[in-house]
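Encoded as structure tokens, the structure appears first; notes follow it.
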Amino acid sequence: MQKPALDPLRIVEAEFVAGATALDQIPPPTGVEIAFAGRSNVGKSSLMNALCSRRNLVKTSSTPGCTRQISFFRTRSADDAIITLVDLPGYGYAKRSKAERKAWAELIEGYLLQRPTLAVVAALVDARRGIETDDQQLLEMLAAPAAVSRLPVRPLLVGTKLDKIPANQRKLAVEALRKTSPIETHGVSVELADTQSKLWRRLRALANVGIEAAAEAQQ
């Protein structure tokens, strides 16, 4: 029996390359970067692991607010596209000190507005809860002018944890998110592989990284 063709967009290699707790620790900008942002308990690390087909590449924790740094992961897809995935510290966790939350906010804002190689930001929200105040502030920040010369960063609103919603209500939940923001919206779950592949394909398209060639290869 002939094996099914490998999805040319599928990530086949992924590795941690750098972590930064301050802007001056961020590695030099190279290539294309896709960043993932969201509240501390939105499932960001789990989603990134799922997209990379890894279990423990991005550290996950049962304790919200555990991530204290920006983490950079170099990935290679089956079509040899190289993309850096960036895990931003989770925001909105009240049990951290006010000074620490302020430092994290400045780190996230500095990266988002000053990084010349940033192409796409996946803004993650819990599909069951919708856009909260911190999420809205992030979306407004992404709409602000960049502090460096670069192409416009493309935001994508991602509703996570679809598997926690009854199957017959998932489409309605994503539609409800779409009505609350003008930003393009997708739903995803680490338990639903088809939602992950659709999300990754869209992220690649927004980042303008080999998506047309990959689509032709699948035809």
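The values are calculated or read from the model by the stated rules, or taken from the named source; none is laboratory data. Predicted, not measured: the structure shown is a model, and the values here were computed from it. Positions of Cβ are generated from backbone atoms using ideal geometry, with glycine treated the same way; all protein chains shown enter the neighbour counts.
Collect the residues in the range 16-42 that are of a type in the set (D, E, K, R) and at pLDDT 95 or above, keeping them in residue-number order.
Keep residues of the range 16-42 that are of a type in the set (D, E, K, R), which gives 24, 33, 39.
Scanning the range 16-42 gives a single hit, E33.
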(message) For the range 100-125: of the residues being buried (at least 19 other Cβ atoms within 10 Å of the Cβ) and not aliphatic (A, V, I, L, M), which is farthest from E184 (Cα to Cα)?
(response) W104
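Matching residues to (1) farther than 22 Å from T21 by Cβ; (2) among the acidic types (D, E); (3) touching a helix residue (DSSP H, G or I) at 6+ places or on another chain (Cβ under 9 Å):
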| site | (1), (2), (3) |
| --- | --- |
| E106 | no, yes, yes |
| P116 | no, no, no |
| E140 | yes, yes, no |
| A144 | yes, no, yes |
| V153 | yes, no, yes |
| P166 | yes, no, no |
(message) Please determine whether any residue of the range 211-219 is modelled with pLDDT of 95 or more and either aliphatic (A, V, I, L, M) or touching a helix residue (DSSP H, G or I) at 6+ places or on another chain (Cβ under 9 Å) (or both).
(response) no
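Would you pick out the residues in the range 163-180 that are β-branched (V, I, T) and part of a helix (DSSP H, G or I)?
Residues of the range 163-180 β-branched (V, I, T): 165, 174, 180.
Once the filter is applied, which keeps residues that are β-branched (V, I, T) and part of a helix (DSSP H, G or I), the range 163-180 yields V174, T180.
Can you give me the number of residues within the range 41-57 that are in contact (Cβ under 8 Å) with a residue 40 or more places away in the chain and part of a loop (DSSP other than H, G, I, E, B)? Reasoning before the result, please.
Step one: filter the range 41-57 for residues in contact (Cβ under 8 Å) with a residue 40 or more places away in the chain, giving 41-47, 49-54, 57.
Next, from what is left, pick out any that are part of a loop (DSSP other than H, G, I, E, B): 41-43, 52-54, 57.
Number satisfying all stated conditions: 7.
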(message) Cβ contacts < 6 Å: first residue under 20 Å from T133 (Cβ atoms), restricted to the range 23-40; second residue in a strand (DSSP E or B) and of a type in the set (G, A, S), any location; separation 6+ or different chain. Result?
(response) F36/A122; A37/A123
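So, in the range 80-99, how many residues would count as being surrounded by fewer than 16 Cβ atoms within 10 Å (Cβ to Cβ), over 17 Å from Q137 (Cβ atoms) and either at pLDDT 65 or above or aliphatic (A, V, I, L, M) (or both)?
Just the residues of the range 80-99 that are surrounded by fewer than 16 Cβ atoms within 10 Å (Cβ to Cβ), to begin with: 80, 82, 94-95, 97-99.
Remaining after also requiring over 17 Å from Q137 (Cβ atoms): 80, 82, 95, 97, 99.
Those still in the list that are either at pLDDT 65 or above or aliphatic (A, V, I, L, M) (or both) too: 80, 82, 99.
Going through the range 80-99 one residue at a time, the tally reaches 3.
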(message) Give me the residue from the range 176-190 that is under 16 Å from E132 (Cβ atoms) and out of contact with any Lys or Arg (no Cβ under 9 Å at 6 or more places or on another chain) and, out of that set, surrounded by the most Cβ atoms within 10 Å (Cβ to Cβ).
(response) L177
(request) Taking A35 as meeting all but one of (1) within 16 Å of A122 (Cβ to Cβ); (2) surrounded by fewer than 15 Cβ atoms within 10 Å (Cβ to Cβ); (3) of a type outside the set (D, E), write down the number of the exception. (result) (2)
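Do you know which of the residues in the range 53-76 that are modelled with pLDDT of 85 or more and among the charged types (D, E, K, R) is nearest to D87 (Cα to Cα)?
Of all residues in the range 53-76, those modelled with pLDDT of 85 or more come to 53-58, 69-76.
Narrowing further to those that are among the charged types (D, E, K, R): 54-55, 74, 76.
Values: R54: 15, R55: 15, R74: 11, R76: 17 Å.
In this case the residue turns out to be R74.
Going through the range 135-162 one residue at a time, which ones are outside any strand (DSSP E or B) and surrounded by 17 or more Cβ atoms within 10 Å (Cβ to Cβ)? Steps first, answer last, please.
Applying the first criterion (outside any strand (DSSP E or B)) to the range 135-162 yields 135-153, 161-162.
Hits for the range 135-162 are D135, L138, L139, M141, L142, V153, K161, L162.
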